[in-house]
Each structure stands twice: as C-alpha cells, then as structure tokens.
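First the structure, in the form of structure tokens, and then the observations on it.
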Amino acid sequence: MSLSLCGNISIMPPKCSRKERRRGFRNSSSVDADKRAVERLSFEKAFHPFIAGAYNRLVQELSQETGARISIPPPSIPKDEIVITGEKEAVAMAIACIQAIYEEKKRKTTTISVEVKKSQHKYIVGPKGNTLQEILENTGVSVEMPPLDSASETIILRGEPDKLGPALTQVYAKAKSVIVVEVIAPAWLHRFIIGKKGQNISRITQQLPKVHIEFTDGEERISLEGPTEEVEQAQAQIQEIIKDLMARMDYAEINIDQRFHRHLIGKNGANINRIKEQYKVSVRIPQDSERCGLVRIEGDPQGVQLARKELMDMAQRMENERTKDLIIEQRFHRTIIGQKGEKIKEVRDKFPEVIIIFPDQQQKSDIVQLRGPKNEVEKCAKFLQKLIAELVESSFSISVPIHKQFHKNIIGKGGANIKKVRTQSLQFYLDL
C-alpha cells in the first residue's frame, strides 16, 4: 500500500526506525509521554471492512507504514469505535488515512438488498468468514449478513455501483454452491439404509465425498448437505435404496410382559438367535433398564409374521406357566432319577410339557422344582407326591451282617451288583 491512498496528506512519517524510537523511549520517559497518543474514533460499522481491507491486509499495511497500531473491532462485535495508538505523528497520519478511506467510500458506494434463504447464509459467510473476504477481495464489495440468531434473510451488499452486479453474482453462486435436502424414510428403516457396517452409505460417500449424510435417531428424516449436483445424485441413490427396502421389508411391534423377555432370549440368546436365523428377521428386545415391553421385529414380510406368531405363542405359554416347588428328601432323589436317568425319563415322557429340576447333590437341598403349564404341573406334582409317599411308606432298613472280605463281591465291579439291586427295588415300587 502507498500512503498516496490517503490523499494529499502533508504529515510525514518519522525518519527514525522503530528500533531507534523504542531505544529513545527507554532513555526518556518524559519524552515518551509527550510523543505517545491514543485516539478513539467512531466510523460507521458498515465501512469497517473497507478500512480493514480483505483479510485485514489494508489495515496491516497502513499500520506498518505509519507505525501506529490500529484496532478495528471484529464483525461480530457491534461497535463503531476504532482505536489508534502510537507516536502522535504516526497516529495523526493513520487517522488521516482512515478518514480519507472512509470519506471516499461514503461518497462512492451505494447498497442493494437481497433475500437469501437463511439456511444458505453460512455458505456465503464461509469458514471463519473467508468467503466474505474472498468476495471483498475480488469485487471491492462488502457483504453485510444479519446475525445468526436473527430470523432475517436480508443481505446487504455495499460497494461502488459497477461492482455490485459481479458481487451479487458471487453471493448467489456461494449460496447455491451447497444445499441441504431432506429425504423422508421410516425411522425403523434407517439402519437398513445405512447397511451392514455402513456399507450402503460408505459406497455413496466414496463416490460423492463432498456430501455429508446425517441420520437423526427417532426421526424419519435423513439430511444431505453438500454441492448441489452431488447432493442430488446422493438423494437419488438413497431414494432408490428406500424404494427397494420398502418393497421387500416390513415390521411388527408386540407388547410382551418384560418379565418374560429373558425367556424369549433364552440361555446365551439361543431362542432369539434361532428365530432370527430361521425367519431371516431382526428382533429388538428392550433392555431391562428401559422398562418397556415393546418387542420389534423387522425383515422379510412373511418372516416378520411367522416370528411374531412364535414370539406371541411363547409369551402365551409363559403367561400360563406355573412354577411349583416339591419337598422331596434328598435321599430319594437318586431313586427317582434312576440309573442313567432312566426312571425320571419315564416321568418326563408322561409329562412332556413339564420341566423337572433336581438340585445339585452338593447343595444338599430337598427342593425339586416343576415348571410348565399350570394343569400339567399340578398333575406331575400329584404323580411325584404319590410316588414319594409310596417310597416313604415302604422304605425301611435292616442290617445284614456280612463279613468285610465279601463286600467287594456284593458291590460288584464298578458297583454293578448293588446298582442292579437298587434298580430292581425301585421298579418293584413303581409297579405297585
């Protein structure tokens, strides 16, 4: 920049270098006080961009050439005041230059107002206001934006009349350079649109890297942001995916009492994983912490209906299920179970819908648990109670003296003889 830009100003910058001036200031504080000045001047905020210049280059050059420090408030601060500090001569020269720039722009510039959709304002401003600076540099026109928290969509362009047209063209180009569109799709379908491990969306963003795609939890909209042409391509691809999914997918929601959820899932997920695999569906059972009974099934329409029926049937059975504890002395457990479980198998075959659970021997518990449909549990309980009563009634013991050297012969190899006696005895009781 040349100081000629400031007009015919007779004030000349000091001859000594800054280093020399600083040395002089240190040597004489009284001289320092006489030469230093601070000026606070008000210039309309709208003309600050012309004083600062694009990317603040003009004010920086002015500061370097005059030796004065010039502080212009940033665009975000609504203050007209510009503060100039330094040696009196430098400050006077800077003021004269700023005044000349201000008066020239005040005289030569005019304004036009345009309406631009609020959502597009950020693309005109650009990252850290860089786009506004770019327009100012290219055209000499300042673009005034309404505050972000304002609902106003009015943008003011200030500059020389012959420059306003090119600047307006750039403003519209920047506004349209990036668009935001929304695609509507059922929220439950979003994860299928995204694809396994995000493969569907990854394919689109790899082809169109400038497009940002955002899914909002619980809402039906998908937002796409980026260059107009690329966004339109991404929109078309996503709508095609949605159309395909809607044609071959369905969902169902069923309310199942939360206390049955763990039974629906099964041990290590055995039940629910089988249903998912068998019917090619996705099943979401809420966590206990959610305190919600809503189970959601998604997938192939036929598979959804079949899975829904099976889950409802399971829930119905559990609704009618009863658990009953029988007190059976532990000494009878082995007798009821029989060798290799043969005797309890007969009971289970007689009552196939009832689950019979014996405690572990180490627990030393007398409680045998029955679980199943209410009527079947009652029948099974009566059967076992009758069996136990007969065992108790016919249970007695006698001591038979046998010389110790013959014990191993009575027991038999691996306990075979004594097991045979026990089995035959139990069969006798069961046949009564």
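The values are calculated or read from the model by the stated rules, or taken from the named source; none is laboratory data. Computed from a predicted structure; not experimentally measured. All Cβ positions, glycine included, derive from the backbone under ideal geometry; neighbour counts span all protein chains shown. Remember, those area values only see protein heavy atoms, side chains included, never the ligands or the DNA or RNA. Shrake-Rupley method; radii C 1.70, N 1.55, O 1.52, S 1.80 Å.
Taken together, the residues in region 229-241 that are out of contact with any helix residue (DSSP H, G or I) (no Cβ under 6 Å at 6 or more places or on another chain) and either part of a strand (DSSP E or B) or open to solvent by 20 Å² or more (accessible area, probe 1.4 Å) (or both) amount to 8.
Per this entry, ALA167 is not counted among residues that are out of contact with any strand residue (DSSP E or B) (no Cβ under 8 Å at 6 or more places or on another chain) and under 30 Å from TYR102 (Cα atoms).
Annotation note: Cβ proximity below 7 Å between a residue of region 312-336 that is without any contact (Cβ under 8 Å) to a residue 24 or more places away in the chain and within 14 Å of SER365 (Cβ to Cβ) and a residue that is in a strand (DSSP E or B) and among the hydrophobic types (A, V, I, L, M, F, W, C) (sequence gap 6+ or interchain) occurs for no pair.
Per the conditions (1) of a type in the set (A, V, I, L, M, F, W, C); (2) buried (at least 19 other Cβ atoms within 10 Å of the Cβ); (3) over 30 Å from VAL181 (Cβ atoms), the sole criterion not satisfied by ILE77 is (2). Just so you know, in region 137-153 the residues that are in contact (Cβ under 8 Å) with a residue 12 or more places away in the chain, open to solvent by 40 Å² or more (accessible area, probe 1.4 Å) and not small (Gly, Ala, Ser) include one that is farthest from ILE112 (Cα to Cα), and it is LEU148. Residues of region 201-223 include at least one that is out of contact with any Ser or Thr (no Cβ under 8 Å at 6 or more places or on another chain), in a helix (DSSP H, G or I), free of Cβ contacts under 8 Å to residues at least 60 places away in the same chain and among the hydroxyl-bearing types (Ser, Thr, Tyr). Here the condition is being among the aliphatic types (A, V, I, L, M) and surrounded by fewer than 18 Cβ atoms within 10 Å (Cβ to Cβ); of VAL116, VAL91, VAL83, it holds for VAL83 alone.
Checked across region 12-31, the condition of being surrounded by fewer than 15 Cβ atoms within 10 Å (Cβ to Cβ) and at pLDDT 90 or above holds for no residue. Looking at (1) open to solvent by 40 Å² or more (accessible area, probe 1.4 Å); (2) touching an Asp or Glu at 6+ places or on another chain (Cβ under 9 Å); (3) modelled with pLDDT under 95; (4) not charged (D, E, K, R), can you tell me which one ILE156 breaks? Every condition holds for ILE156 apart from (3).
The number of residues in region 365-398 being within 15 Å of ARG331 (Cβ to Cβ) and under 51 Å from the mean Cα position of the chain (by Cα) comes to 3.
Within region 280-299, the residues that satisfy the criterion of being open to solvent by less than 70 Å² (accessible area, probe 1.4 Å) and without any contact (Cβ under 8 Å) to a residue 60 or more places away in the chain are VAL281, SER282, VAL283, ILE285, PRO286, CYS292, GLY293, LEU294, VAL295, ILE297, GLY299. Taking the criterion of being of a type outside the set (Phe, Trp, Tyr), within 53 Å of the chain's Cα centre (by Cα), more than 13 Å from PHE383 (Cα to Cα) and open to solvent by less than 50 Å² (accessible area, probe 1.4 Å), the residues of region 327-360 that qualify are GLY341, PRO359.
For TYR429, the conditions (1) out of contact with any Asp or Glu (no Cβ under 7 Å at 6 or more places or on another chain); (2) at pLDDT below 85; (3) assigned to a helix (DSSP H, G or I) are fulfilled apart from (1).
What single numbered condition from (1) touching a residue at least 12 places away in the same chain (Cβ under 8 Å); (2) open to solvent by 40 Å² or more (accessible area, probe 1.4 Å) fails to hold for LYS197? Of everything listed in (1) touching a residue at least 12 places away in the same chain (Cβ under 8 Å); (2) open to solvent by 40 Å² or more (accessible area, probe 1.4 Å), LYS197 misses just condition (1). Residue pairs whose Cβ atoms lie under 8 Å apart, separated by 6 or more positions or on different chains, with the first residue in region 251-275 and among the charged types (D, E, K, R) and the second buried (at least 16 other Cβ atoms within 10 Å of the Cβ) and in a loop (DSSP other than H, G, I, E, B), are ASP257/GLY293. Of the strands (runs of 3 or more DSSP E) that lie entirely inside region 48-138, those containing 3 or more residues that are more than 29 Å from LEU168 (Cβ to Cβ) span 69-71, 81-87. Of all the residues in region 232-248, those that are under 14 Å from ILE201 (Cβ atoms) and touching a strand residue (DSSP E or B) at 6+ places or on another chain (Cβ under 9 Å) number 5.
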